[in-house]
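Below: the structure, in structure tokens.
The values are calculated or read from the model by the stated rules, or taken from the named source; none is laboratory data. What you see is a predicted model, and the numbers here were worked out from it, not measured in a lab. Glycine also receives a Cβ, built like all others from the backbone with ideal geometry; neighbour counts cover every protein chain displayed. Remember, those area values only see protein heavy atoms, side chains included, never the ligands or the DNA or RNA. Shrake-Rupley method; radii C 1.70, N 1.55, O 1.52, S 1.80 Å.
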2 protein chains.
Amino acid sequence: MSKKDLMDKLDLMFFPKSLAIIGASNVPGKWGSMITTSILGKGYKGKIFPVNPKQEIISGLKAYPRLDAIPEDIDLAILVIPARLIPDALRDCITKDIHAAVIITSGFKETGKAGAALEEEITEIAKQGDLVFIGPNTMGIASEYNDLEAIPAPMGAKEGGLGIISQSGNLGLQIMQWVAHKEIGLCFYAGTGNEALLKASDLLAYFGYRDEVKVIAMYIEGIENGIEFKEIARQVTKKKPVIALKAGRSQRGSKAAQSHTGSMAGSFAAYSAMFKQTGIIQVRTPYELLNVAGALTNLPVPRSNRVGIMSLGGGWGVIAADECEDAGLVLPDLSDDIIKDLDTHLPEFWNRSNPIDIVGEGD
Amino acid sequence: MSKKDLMDKLDLMFFPKSLAIIGASNVPGKWGSMITTSILGKGYKGKIFPVNPKQEIISGLKAYPRLDAIPEDIDLAILVIPARLIPDALRDCITKDIHAAVIITSGFKETGKAGAALEEEITEIAKQGDLVFIGPNTMGIASEYNDLEAIPAPMGAKEGGLGIISQSGNLGLQIMQWVAHKEIGLCFYAGTGNEALLKASDLLAYFGYRDEVKVIAMYIEGIENGIEFKEIARQVTKKKPVIALKAGRSQRGSKAAQSHTGSMAGSFAAYSAMFKQTGIIQVRTPYELLNVAGALTNLPVPRSNRVGIMSLGGGWGVIAADECEDAGLVLPDLSDDIIKDLDTHLPEFWNRSNPIDIVGEGD
């Protein structure tokens, strides 16, 4: 597939004019219900076609027994049916001329040999049928400028410049929830799941390609094709900041990552070196990922590593200075001009030093 | 002063039956107003005597022009008058047979030579008069079992086992606010300010001595008498956990700490070694101080370093395993008994490994 072709298909995924939810349901607690109500709850403006042979109306929408009963074109299929039914459903999608799908369903590579075989089968079907899919074993995607949150519950994130790519659904959605809570502007969210067909690197290329995305945050457990990822990352970081949290750096964490999405976590040191080479900003915790992504989304990128600290209460200045020096930032002395200027604002005995303590007399 | 004598005087400070607020005020924004309304707001049950020559009623309480006009005994004096008036006010306290005081007022050692001389003067007056004081340049103290919050605004913390000692007022009160917000039980708060007379080590000894205190959290910029502190810490850590955040580990941070409360920050490595020797748990950030203090206050102290992780969503298990191994904790393999037991609860394909992923099928 050409790069242009891939970007066009991902445009169908993130800017669909119409979508089918295969396995939509009225039964509360089922994924087919959660995904449908989340899409409705967020207010997706395109056409929604629930597909379910047993229910005629789903969440107030007319449901169709089969995909081929839908009398209109479909840009995106979201699949929430049991794993064993996915191959036939994908074939139906291809017959219906659908080229983009999100496979929420789990029960594939992460569950053992039989699951892995099924995953190979659906990947082959998709390739033959010129269809790209995210998943399986993902908690979905979101596209805020399109008012589309195809995830278990709508987050109501504000539109903006952040793109999130996560190899863990729970963790990715938690970060998305924090993003919504902190009112950081969000563009896209993609939980990549087992990455049977589309990889984190494909999403990275897409987020790099779309001008709406200003900053990219990634949660990574393992990258299969390091050379390809590196090549894409090099291109994207020239245009916008990419922040990555690589999990599985410990022995136990690495083993857990492997059984989680079936990915090899690999050497943490090798990942760190690769991030450095490609200009990716590496962070260590989910909260750090959120904070760095939020800062780069909401504020201009700093032009140097020189920092001035001003605090109300000396303790915070001390703590901030410690953190800055740990992070390799420099706290320069204050110039005479700045001191003179501050002299006109601060009490006579202020510290005339960086960090600046905005001291206050007791009475 | 004997240890018994010091503990008795600190009992007067944290369990006063009556207190005088010297410099109490009706003018909003003044420290004399903030401290008075905070004490009233929290609901201190002892007797409160505002002292101010210009106001007759303060916050609904009868005010006295001078300390000697109060017809009753006073256990604790809280001073919020300008620095230059503190020496005479302390002499009045001594005449009134008061042995414990909190000097909120700033404008002492932290402002230069003249301030340092004034600080020496008031320290000498106190010593001669057998009075101990916290401060100057502190934002106050709190004693939750006594419903006393002599700080700029009442926090309404829940009664419980945590004692906080802070060499920064702003930082200490922020931690106290988080403690209140997270409903961690608080016993005492002490902002030690310039430590002209009472040092952080005296408070550490007192919090060690009082059975109500189960866990002690300290924010430290500098300790003057390392040998004394070490001796006290050794004793206290035998009885209860002590957690310390030492700030000023960087060059700039250390310099800032010096101008903040006039304390020498010293070598960070030396402090870390001393914490290790005395059994103090060292943390690096205010939030870590809060979290460790909260965990040890609300949960039993773990008996070993072996950890089992169970997560809903594999990503969190990976992250948690990474953090545990970084912290020197061990994730043992699961015993056959535990695996057998979990087999009866979890889906057939669960990972049978630690961290445990409580996987869920898609349908």
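Going through the stretch A:166-216 one residue at a time, which ones are within 14 Å of another protein chain (Cβ to nearest Cβ) and among the aliphatic types (A, V, I, L, M)?
A:Leu171, A:Leu173, A:Ile175, A:Met176, A:Ala200
Filter the stretch A:310-350 down to residues that are charged (D, E, K, R) and within 23 Å of B:Gly172 (Cα to Cα) and give me whichever is least open to solvent (accessible area, probe 1.4 Å). Can you show your working first?
Residues of the stretch A:310-350 charged (D, E, K, R): A:322-323, A:325-326, A:333, A:336-337, A:340-341, A:343, A:348.
This time we only want the ones that are within 23 Å of B:Gly172 (Cα to Cα), so: A:322-323, A:325-326.
Values: A:Asp322: 2, A:Glu323: 76, A:Glu325: 59, A:Asp326: 84 Å².
Step by step, filter the stretch A:310-350, then rank; the result is A:Asp322.
Criterion first (within 13 Å of chain B (Cβ to nearest Cβ), aromatic (Phe, Trp, Tyr), more than 20 Å from A:Lys214 (Cβ to Cβ) and in contact with an Asp or Glu (Cβ under 8 Å, 6 or more places away or on another chain)) does A:Trp350 satisfy it?
Values: within 13 Å of chain B (Cβ to nearest Cβ): yes; aromatic (Phe, Trp, Tyr): yes; more than 20 Å from A:Lys214 (Cβ to Cβ): yes; in contact with an Asp or Glu (Cβ under 8 Å, 6 or more places away or on another chain): yes.
When the stated conditions are applied, A:Trp350 passes them.
Per-residue answers, yes or no, for (1) in contact with a Cys (Cβ under 9 Å, 6 or more places away or on another chain); (2) among the aliphatic types (A, V, I, L, M); (3) not assigned by TED's automatic domain parsing to the domain that holds A:Val213; (4) not in a strand (DSSP E or B):
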| position | (1), (2), (3), (4) |
| --- | --- |
| A:Ala77 | yes, yes, yes, no |
| A:Arg84 | no, no, yes, yes |
| A:Ile98 | no, yes, yes, yes |
| A:Ile122 | no, yes, yes, yes |
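Would you pick out the residues in the stretch B:112-133 that are open to solvent by less than 40 Å² (accessible area, probe 1.4 Å) and either free of Cβ contacts under 8 Å to residues at least 12 places away in the same chain or away from every other protein chain (no Cβ under 14 Å) (or both)?
The first filter runs over the stretch B:112-133 and keeps only residues open to solvent by less than 40 Å² (accessible area, probe 1.4 Å), leaving B:112, B:115-116, B:118-119, B:122-123, B:125-126, B:129, B:131-133.
Scanning the stretch B:112-133 gives B:Gly112, B:Thr123, B:Ile125, B:Ala126, B:Gly129, B:Leu131, B:Val132, B:Phe133.
Among the residues of the stretch B:130-150, how many are out of contact with any helix residue (DSSP H, G or I) (no Cβ under 8 Å at 6 or more places or on another chain) and closer than 16 Å to B:Ser18 by Cα?
Start the filter on the stretch B:130-150 by keeping residues that are out of contact with any helix residue (DSSP H, G or I) (no Cβ under 8 Å at 6 or more places or on another chain), which leaves B:135, B:144-145.
Okay, now just the ones that are also closer than 16 Å to B:Ser18 by Cα, so B:144-145.
So the answer is 2.
Going by what's in this entry, would A:Gly160 be described as open to solvent by less than 30 Å² (accessible area, probe 1.4 Å), within 14 Å of chain B (Cβ to nearest Cβ) and touching a residue at least 24 places away in the same chain (Cβ under 8 Å)? Working first, answer last.
Numbers: open to solvent by less than 30 Å² (accessible area, probe 1.4 Å): yes; within 14 Å of chain B (Cβ to nearest Cβ): no; touching a residue at least 24 places away in the same chain (Cβ under 8 Å): yes.
Considered against the rule, which asks whether it is open to solvent by less than 30 Å² (accessible area, probe 1.4 Å), within 14 Å of chain B (Cβ to nearest Cβ) and touching a residue at least 24 places away in the same chain (Cβ under 8 Å), A:Gly160 comes out as no.
Mind listing whichever residues of the stretch B:341-356 are within 20 Å of B:Leu331 (Cβ to Cβ) and among the β-branched types (Val, Ile, Thr)?
Across the stretch B:341-356, the qualifying residue is only B:Ile356.
Could you run through the stretch A:76-94 and say how many residues are touching a helix residue (DSSP H, G or I) at 6+ places or on another chain (Cβ under 7 Å) and open to solvent by 30 Å² or more (accessible area, probe 1.4 Å)?
We begin by selecting, within the stretch A:76-94, every residue touching a helix residue (DSSP H, G or I) at 6+ places or on another chain (Cβ under 7 Å); these are A:76-81, A:83, A:86-87, A:90-93.
This time we only want the ones that are open to solvent by 30 Å² or more (accessible area, probe 1.4 Å), so: A:91-92.
Number satisfying all stated conditions: 2.
Failed condition for A:Leu19, given (1) farther than 20 Å from A:Ala126 by Cα; (2) touching a residue at least 40 places away in the same chain (Cβ under 8 Å), with all others met?
The one condition A:Leu19 does not meet is (1).
Report, by residue number, each residue of the stretch B:284-303 that is open to solvent by 70 Å² or more (accessible area, probe 1.4 Å), farther than 26 Å from A:Lys246 by Cα and among the polar types (S, T, N, Q).
Going through the stretch B:284-303, the residues open to solvent by 70 Å² or more (accessible area, probe 1.4 Å) turn out to be B:284, B:287-288, B:291, B:298-303.
Checking which are farther than 26 Å from A:Lys246 by Cα leaves us with B:298-303.
The answer is B:Asn298, and nothing else.
So for the stretch B:278-294 (the condition being of a type in the set (A, V, I, L, M), assigned to a loop (DSSP other than H, G, I, E, B), modelled with pLDDT of 90 or more and not assigned by TED's automatic domain parsing to the domain that holds B:Leu162), does at least one residue qualify? Let's see the steps before the verdict.
Filtering the stretch B:278-294 down to residues of a type in the set (A, V, I, L, M) leaves B:280-281, B:283, B:289-290, B:292-293.
Subsequent filtering for residues that are assigned to a loop (DSSP other than H, G, I, E, B) retains B:280.
Now drop any that are not modelled with pLDDT of 90 or more, which leaves B:280.
Filter once more, keeping what is not assigned by TED's automatic domain parsing to the domain that holds B:Leu162: none.
There is no residue in the stretch B:278-294 that is of a type in the set (A, V, I, L, M), assigned to a loop (DSSP other than H, G, I, E, B), modelled with pLDDT of 90 or more and not assigned by TED's automatic domain parsing to the domain that holds B:Leu162.
Just a yes or no: is a residue in the stretch A:310-317 among the hydroxyl-bearing types (Ser, Thr, Tyr) and in a helix (DSSP H, G or I)? Don't jump to the end; show me each part of the working.
If we filter the stretch A:310-317 for residues that are among the hydroxyl-bearing types (Ser, Thr, Tyr), which is where we start, we get A:311.
Applying the additional criterion that residues be in a helix (DSSP H, G or I) yields none.
Scanning the stretch A:310-317 turns up no residue that is among the hydroxyl-bearing types (Ser, Thr, Tyr) and in a helix (DSSP H, G or I).
Of the conditions (1) open to solvent by 60 Å² or more (accessible area, probe 1.4 Å); (2) within 12 Å of another protein chain (Cβ to nearest Cβ); (3) at pLDDT 90 or above, A:Val307 satisfies every one except a single condition; which number is it?
Of the numbered conditions (1) open to solvent by 60 Å² or more (accessible area, probe 1.4 Å); (2) within 12 Å of another protein chain (Cβ to nearest Cβ); (3) at pLDDT 90 or above, the odd one out for A:Val307 is (1).
Can we say A:Asp130 is charged (D, E, K, R) and either more than 18 Å from A:Phe15 (Cα to Cα) or assigned to a helix (DSSP H, G or I) (or both)? Can you show your working first?
Numbers: charged (D, E, K, R): yes; either more than 18 Å from A:Phe15 (Cα to Cα) or assigned to a helix (DSSP H, G or I) (or both): yes.
Here the answer is yes, as A:Asp130 does meet what is asked.
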